Amino acid sequence: MADSSGNKLVETASPSDFSGFHHWKNPDHQSIGETTLEFLQKLSGPTHIHISGKDPSRARAVVTLLHGNEPSGLHAIHEMLKQPVEPAVDIHYFIPSVDAAKQAPGFIYRMLPHHKDLNRCFTPPYNESGQDQLAQELLRILTALAPECVIDIHNTSGSSPPFGISTFMDERHDALVSLFTHRMIVTDL
Ligand SMILES: [Zn+2]
């Protein structure tokens, strides 16, 4: 299938009602809209955007909009896509909760009514819900890509300064979090 600008959107093979991530490679500047809300409207369901880097043997991943009411990460991705910059390595953006975010007036619903919280679907027990399958699809793709790092961007529902959460405390995770904030929480969740 293709979106309105002619960019190819390829659905991954999937069982029954589960359609997986749409794959969108190197979207051009004309196809991503002027605002974050316009960008959201260009997306048709869970989306994996692949940006080619100078060294395609390396990859880094960014996940955001696991929750449809947390738009900051999508805004950041949209701003990055507007930049005429070829990244050093391949970049993979994963934007799962597009359908929830699109519910009018936009970015209000954490998840669709009667759907599970996607961010609670990454550990067993897994079931057959679309959210569980989407989480497992994301894990399958990330495992296959073997990126150097994965960043998952959220907004908090409370009022707090920005902070990073890591399950490991080492120099690399410390360096990664320090790109965003000097506050780092280490927890095995
Ligand atoms: Zn969240």
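The values are calculated or read from the model by the stated rules, or taken from the named source; none is laboratory data. This structure is a prediction, so every number in the text was calculated from the model and none was measured. Reconstructed Cβ throughout: ideal geometry from the backbone, glycine too, with neighbour counts over all protein chains shown.
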Exercise. Would a scan of the range 139-148 turn up a residue that is away from the ligand (no atom under 16 Å from the Cβ) and on the phi > 0 side of the Ramachandran plot?
Worked result: yes
Exercise. Can you name the number of the only condition in (1) modelled with pLDDT of 95 or more; (2) under 28 Å from F163 (Cα atoms) that S31 fails?
Worked result: (2)
For this session: Please specify each residue of the range 103-126 satisfying the condition of being surrounded by 12 or more Cβ atoms within 10 Å (Cβ to Cβ) and small (G, A, S).
Result: G106
Problem set entry | Condition broken by F180, with the remaining ones in (1) among the hydrophobic types (A, V, I, L, M, F, W, C); (2) assigned to a loop (DSSP other than H, G, I, E, B); (3) within 18 Å of S97 (Cα to Cα) satisfied | (3)
Exercise. Does any residue of the range 148-158 turn out to be touching a residue at least 40 places away in the same chain (Cβ under 8 Å), assigned to a loop (DSSP other than H, G, I, E, B) and under 19 Å from G45 (Cα atoms)?
Worked result: yes
For this session: Considering each residue of the range 101-157, count those that are of a type in the set (A, V, I, L, M) and closer than 15 Å to F21 by Cα, and give that number.
Result: 9
